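Structure, as structure tokens:
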Amino acid sequence: MNRPAQYRNGVRVSEQHGAGEWTLEKIALFLLMPLGVWVASTAFTLSGAGYDAVLQWFASPLNAALMAATALIFFGFASLAWKVIIEDYIHKPGSKTLLLGLLNLVCLALAAASVFFIVRLALGSAPLPAGFGI
Amino acid sequence: MSNLSPGNDPAFDQTGRIVIQPNGRPRPLSPHLQVWRWHITMTASILFRATIGAISVGAVIGVAWLAAAAFGPDAYASALAIAGSGVGLIVGFGLTVVLFSFLLNGGRHLINDAGQALTLKPADLLSNIAVWGPVPLAVLFWGVLFVAGRVSL
């Protein structure tokens, strides 16, 4: 805690994990640039496509892998980006902790759901029963 | 009051930004949206935050699309019908604007984060591209889809 302050280019370096999260967010955003172009081209390819065409598209391992990578990197980026937004506007410690917890929960759930659906589509699994059969 | 220099003396103030604080001292007003002359870089910065919000909604719609495909032909046909309806097409157009905004504005953010293009002209140029670029790109995207007959009203 009592480390001497560190400076880089005349700017004080964060003492906790801020700098690491900033770097992670930038790496994620950097990776999302080519993936975003790919998502745009995919959206163009699959616009108006029927169920069979979509399944055929997912049968390509490259498509499925890129889609899974996009989902994981995007929801990781989203959790970091929304964390910054929440920390900017919510100052009450209790509310902030609660919202950050909820944020991570939602991002984790969406990332897990994406991978679950993508893996099933890539493997050509049988369609899920309505309401998961419950 | 030794801190009364022409810089923050209301008598010399030509900016209208010097206010008397509760402790009686004249101080320049904190910079804020109403104080600064509006600049395109501010629009780009604010729009990127809005874009992150909008593309998060888009990602949820994307997961819903994955779910529709995973739940089989009937669910996917319903999703396709919603996407092809009037509201669906408007939302779809909005999502392409958001995606292109994320790419152009995110690119601007990365360049600026690397310490590049921070002087007036390059910063203005990148901001203008990030703010205005997504709209013609989205129009082009949908224009080609319609002309190719891939999507119809």
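The values are calculated or read from the model by the stated rules, or taken from the named source; none is laboratory data. For clarity, every value in this text was computed on a predicted model and none was experimentally measured. For neighbour counting, all protein chains shown are included, and Cβ atoms are generated from backbone atoms with ideal geometry for every residue, glycine included. Keep in mind that these areas ignore ligands, DNA and RNA; they rest on the heavy atoms of the full protein, side chains included. Shrake-Rupley method; radii C 1.70, N 1.55, O 1.52, S 1.80 Å.
For the reader, a short list of remarks on this structure follows.
- Per residue, segment A:32-134 exposes 53 Å² of solvent-accessible protein surface, assessed with a 1.4 angstrom probe and all protein chains in place.
- Nearest-0.05 FRET efficiency for B:N23 and B:S45, computed from C-beta distance (R0 22 Å): 0.10
- Entry note, chain B: the mean residue ellipticity at 222 nm calculated from DSSP H runs of n ≥ 4, each adding -39500 (n - 2.57), is -22000 deg cm²/dmol after division by the residues and rounding to the nearest 500.
- Computed in the context of the full set of protein chains, the accessible area of chain B at 1.4 Å probe radius has 70% of its extent on carbon or sulfur.
- Taken residue by residue and averaged, Cβ atoms of other chains lying within 10 Å of the Cβ of B:56-63 number 5.
- Treating r as the C-beta distance of B:A148 and B:I82 and R0 as 30 Å, the FRET efficiency rounds to 0.85.
- Shielding value for A:43-56 is 5, the average number of Cβ atoms from other chains within 10 Å of each residue's Cβ.
- Projected-area average for chain B over all orientations - Cα convex hull basis, square nanometres: 14.9
- Surface composition of chain A: carbon plus sulfur atoms contribute 69% of the solvent-accessible area (1.4 Å probe, protein chains only, all chains present).
- A crude spin-label estimate for the pair B:L118 and B:I90, with each label 7 Å from Cα along the Cβ direction, gives 4.2 nm.
- Shape category assigned to the protein assembly as shown from the gyration tensor of Cα positions, a/c cut at 1.5: prolate
- For chain B, the longest site-free run once chymotrypsin sites (Phe, Trp or Tyr not before Pro) in DSSP loop states with at most 15 other Cβ atoms within 10 Å are removed: B:39-153
- The Rg/Rh ratio for chain A, using Cα coordinates for both the radius of gyration and the Kirkwood hydrodynamic radius, is 1.10.
- Pair-distance distribution of segment A:58-134: all C-alpha pairs, bin width 5 Å, starting at 0; shares per bin in whole percent are 3, 15, 19, 17, 13, 12, 9, 7, 4, 1.
- Segment B:93-153 and segment A:36-103 have Cα centres spaced 18 Å apart.
- Buried area at the B-A interface (accessible, heavy atoms, 1.4 Å probe, summed, Å²): 3200
- From phi via Karplus (6.51, -1.76, 1.60), per-residue ³J(HN,Hα) for segment B:91-103 in Hz, x at Gly/Pro: 4, x, 4, x, 5, 5, 4, 5, 5, 5, 5, 4, 5
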